[in-house]
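One structure is given here, and the rest of the page talks about it.
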Amino acid sequence: MQRIKTAIIGASGYTGSELLRLLLLHPHVDLCAVTSRQEAGKSIAEVFPRYRNTPGAELCFIAPDAQVIADSGAAVAFLALPHGVAAEIAVPLLEQGIKVIDLSADFRIHDPVVYQEFYQHPHPAPNYLASAVYGLPEIHRDAITRAQLIASPGCYPTSILLPLIPLLKNALIAPQSIIANSLSGVSGAGKTPSPTLLFCECNESLRAYGIPKHRHLAEIEQELSLAAKEPVRITFVPHLVPVNRGIHSCIIATLAEQATLEKISSAFETAYQTSAFVRLLGAGGCADTKNVTGTNYIDIGWHIDARTNRLIITSAEDNIVKGAGGQAVQSFNLLLGFDEKAGLQSI
């Protein structure tokens, strides 16, 4: 069985540890390098005792160095690093001929001006934006198979884009009417300590944040605009909820004049009938995070509110699997020509 030498850059955070969980047991992966400045010199099993006795868990963390990673023989590198930092190592890896799957926001946004607007600093590698493929497998499958650089989507965008893109492509909703309210588990904020993420601050509480211009809004509007073939602006309100993982999005949009329940259901079914990880709950279905945590599935249900002529869609996913590590592995499988479900079905 073919095994691809693979590196994880930034493997000690929540997303990085999820990549470890998936790739240590992936049938086509030979994990040859894992990096963490903080944990350098320690084995995977020392840092994450849950992986003791797992084949490959004796591999030790190293400091992130593009040349050392290239010397390890890595053909593919997953980057689980903060935005701004990821591009610094992505570029030398790409120059060495290594395929890069970046889970940060550094290559998701096509326009460097928009990137600077949302991330408050110039793009660190604007020459690579045109060649980066937005790694939403259900939408950009063919481009992913040919990519050298994959920009894996954010967790919120995944939960909003997959429900909306088929409807916009079929002109079934009014593009400028969209409101998305999304609720995320605390792991979505990352592992960096912050007073606002302390247990006593999050437990028994629910709060909105990032209003009115959360950073993920840039890639959401970019991809929705491509689907609608016109500029799309939406209202997006993210919330933090006291659970470890999971995202629930409730999306509301005004129905187009020609829209019917049958056409909406048909648009979803046509778009995702062969998609391994999209589960359509149908008209009247409501997504629930308890059914997707720990998996690479996204569940989508929808209702028509005849009183207001609006469509109400709910979606649920695991923010660090389908919203991060699992989706990146899905792209890896497509990129290398493996079964799309490889390494993802057992979770």
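The values are calculated or read from the model by the stated rules, or taken from the named source; none is laboratory data. Computed from a prediction, not measured in an experiment: that's the story for all the values here. A quick note on method: Cβ atoms are made from the backbone with ideal geometry, for glycine too, and the neighbour counts reach across all protein chains shown.
Check whether at least one residue in region 103-116 is over 28 Å from I4 (Cβ atoms), part of a helix (DSSP H, G or I) and charged (D, E, K, R), and report yes or no.
No; the residues of region 103-116 include none that is over 28 Å from I4 (Cβ atoms), part of a helix (DSSP H, G or I) and charged (D, E, K, R).
Of the residues that sit in region 142-159 and are assigned to a helix (DSSP H, G or I) and among the β-branched types (V, I, T), which one is surrounded by the fewest Cβ atoms within 10 Å (Cβ to Cβ)? Break it down stepwise before answering.
Within region 142-159, the subset assigned to a helix (DSSP H, G or I) is 142-145, 155-159.
Narrowing the set further to residues that are among the β-branched types (V, I, T) leaves 144-145, 158.
Values: I144: 22, T145: 15, T158: 27.
Only one residue tops the list, namely T145.
Being surrounded by fewer than 18 Cβ atoms within 10 Å (Cβ to Cβ), over 20 Å from the mean Cα position of the chain (by Cα), under 25 Å from A189 (Cβ atoms) and free of Cβ contacts under 8 Å to residues at least 40 places away in the same chain, is that true of even one residue in region 39-48? Before the answer, list the steps.
Initial filter on region 39-48 (surrounded by fewer than 18 Cβ atoms within 10 Å (Cβ to Cβ)): 40-43, 45-46.
Subsequent filtering for residues that are over 20 Å from the mean Cα position of the chain (by Cα) retains 40-43, 45-46.
Narrowing the set further to residues that are under 25 Å from A189 (Cβ atoms) leaves 40, 42.
Right, trim to free of Cβ contacts under 8 Å to residues at least 40 places away in the same chain and you get 40, 42.
There is at least one residue in region 39-48 that is surrounded by fewer than 18 Cβ atoms within 10 Å (Cβ to Cβ), over 20 Å from the mean Cα position of the chain (by Cα), under 25 Å from A189 (Cβ atoms) and free of Cβ contacts under 8 Å to residues at least 40 places away in the same chain.
Suppose we filter region 160-202 for residues that are surrounded by 15 or more Cβ atoms within 10 Å (Cβ to Cβ), modelled with pLDDT of 80 or more and of a type in the set (S, T, N, Q); how many remain?
5
Give me a count of the residues in region 111-145 that are of a type in the set (S, T, N, Q) and touching a strand residue (DSSP E or B) at 6+ places or on another chain (Cβ under 7 Å). Write out each step before concluding.
Residues of region 111-145 of a type in the set (S, T, N, Q): 116, 120, 127, 131, 145.
Add one more test, that the residue is touching a strand residue (DSSP E or B) at 6+ places or on another chain (Cβ under 7 Å), and what stays is 131.
Matching residues across region 111-145 total 1.
Among the residues of region 281-305, what is the count of those that are exposed (fewer than 14 other Cβ atoms within 10 Å of the Cβ) and either under 17 Å from E138 (Cβ atoms) or at pLDDT below 95 (or both)?
The qualifying residues number 0.
So, in region 108-145, how many residues would count as being farther than 20 Å from A271 by Cα and in contact (Cβ under 8 Å) with a residue 12 or more places away in the chain?
Applying the first criterion (farther than 20 Å from A271 by Cα) to region 108-145 yields 108-132.
From what is left, the residues that are in contact (Cβ under 8 Å) with a residue 12 or more places away in the chain are 108-112, 114-115, 117-119, 121, 123-126, 128-132.
Number satisfying all stated conditions: 20.
Among (1) touching a Lys or Arg at 6+ places or on another chain (Cβ under 6 Å); (2) surrounded by fewer than 16 Cβ atoms within 10 Å (Cβ to Cβ), there is one condition A74 misses while meeting the rest; what is its number?
Of the numbered conditions (1) touching a Lys or Arg at 6+ places or on another chain (Cβ under 6 Å); (2) surrounded by fewer than 16 Cβ atoms within 10 Å (Cβ to Cβ), the odd one out for A74 is (2).
Looking only at region 234-273, which residues are within 14 Å of I165 (Cα to Cα) and part of a loop (DSSP other than H, G, I, E, B)?
Of everything in region 234-273, just one residue is within 14 Å of I165 (Cα to Cα) and part of a loop (DSSP other than H, G, I, E, B), namely I234.
Within region 203-215, take every residue that is of a type in the set (D, E, K, R) and assigned to a loop (DSSP other than H, G, I, E, B) and give me the one that is surrounded by the most Cβ atoms within 10 Å (Cβ to Cβ). Write out each step before concluding.
At the first step, the residues of region 203-215 found to be of a type in the set (D, E, K, R) are 204, 207, 213, 215.
Next cut, assigned to a loop (DSSP other than H, G, I, E, B) only: 204, 213, 215.
Values: E204: 7, K213: 11, R215: 19.
Checked region 203-215; the qualifying residue surrounded by the most Cβ atoms within 10 Å (Cβ to Cβ) is R215.
Please go through region 85-109 and pick out each residue that is under 23 Å from I220 (Cβ atoms) and surrounded by fewer than 17 Cβ atoms within 10 Å (Cβ to Cβ). Quick ask: steps written out before the conclusion?
Kept after step one, since they are under 23 Å from I220 (Cβ atoms), are these residues of region 85-109: 85-87, 90, 100-109.
Hit for region 85-109 is V85, nothing else.
Filter region 50-66 down to the residues that are of a type in the set (G, A, S) and surrounded by 13 or more Cβ atoms within 10 Å (Cβ to Cβ) and list them by number.
Filtering region 50-66 down to residues of a type in the set (G, A, S) leaves 56-57, 63, 66.
Answer for region 50-66, where residues must be of a type in the set (G, A, S) and surrounded by 13 or more Cβ atoms within 10 Å (Cβ to Cβ): G56, A57, A66.
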